[in-house]
Amino acid sequence: MDIDLRFEPVTAERWGDFEKLFGPQGGFYNCWCVALRLPYALRTKMEPSERKTHMQDRIAAGPPPGILCYNEGEPVAWVQVGPRHDVPQFNSPRTVSRPLEEGDAHDPSIWAVSCFFLLPKLRGKGLSHRLLAGAIDYARSQGARLLEACPIDYVKQSKSVTLCIGSTAIFDTAGFETIARRKDGRPLMRLDLHA
């Protein structure tokens, strides 16, 4: 599919675009992309407006916690990509995405691509590969040494909500290698950005 895409780091000046993309529901189930930023017990007690405010404050504080994707000047997708330490729940010892080595969670050169959000009208059109490529380019431009992800092997339907974490297939195609498998269907994958 020939869709012209442009990627930009999400900053306070682009909050309006982030808000527009996520819409009145805040993405999937009023998440506002805080699922990997806040513990489950805290997050589930928050009102959707509190989750939205949390993300707005995080974006305002900088550095950018991810990139927005634009088509014809309009925000159409988001990829959460940044240092591992910026997404605390990605590092929780109880998760399949926990770091390979304890120090990896605090190493500023080890980044994670942890969430994708694409407007429903564009889902199922093969754009995930391009979103991941944008995340890889951004991580590399910011000095990341390694980029990690914990995608899902298989879903019955390409528009499934669970694909917010990404499909293993797109990471395979981009050259990521599996470095751990703590649960069937959920590999921890890594790309060496200096290779």
Query - Ile179 of a type in the set (Val, Ile, Thr) and outside any strand (DSSP E or B) - result: no
Query raised in the report: Going through region 35-61 one residue at a time, which ones are touching a helix residue (DSSP H, G or I) at 6+ places or on another chain (Cβ under 6 Å) and free of Cβ contacts under 8 Å to residues at least 24 places away in the same chain?
Result: Pro48
Query raised in the report: Residues in region 164-188 that are among the hydroxyl-bearing types (Ser, Thr, Tyr), free of Cβ contacts under 8 Å to residues at least 40 places away in the same chain and more than 16 Å from Cys115 (Cα to Cα): how many?
Result: 1
Query raised in the report: Is there any pair linking a residue in region 132-145 that is outside any helix (DSSP H, G or I) to one that is crowded, with 21+ Cβ neighbours inside 10 Å, with Cβ under 8 Å and at least six apart or on different chains, and which?
Result: Gln142/Trp111; Ala144/Ile110; Ala144/Trp111; Arg145/Ile110
Requested in this report: Kindly establish whether Ala77 is small (Gly, Ala, Ser) and without any contact (Cβ under 8 Å) to a residue 24 or more places away in the chain.
Outcome: no
Report task. Please specify each residue of region 70-112 satisfying the condition of being part of a helix (DSSP H, G or I) and in contact with a Ser or Thr (Cβ under 6 Å, 6 or more places away or on another chain). Result -> Phe90
Query raised in the report: Across region 125-143, which residue is surrounded by the most Cβ atoms within 10 Å (Cβ to Cβ) among those that are closer than 22 Å to Arg186 by Cβ and out of contact with any Cys (no Cβ under 8 Å at 6 or more places or on another chain)?
Result: Ala135
Query - Counted residues, region 1-30 - those being free of Cβ contacts under 8 Å to residues at least 60 places away in the same chain and part of a loop (DSSP other than H, G, I, E, B) - result: 6
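Values in this text are rule-based calculations from the coordinates and carry no lab data. Bear in mind that the values here come from a model prediction, so they are computed numbers and not experimental data. Cβ sites come from the backbone with ideal geometry, for glycine too, and all protein chains shown count toward neighbours.
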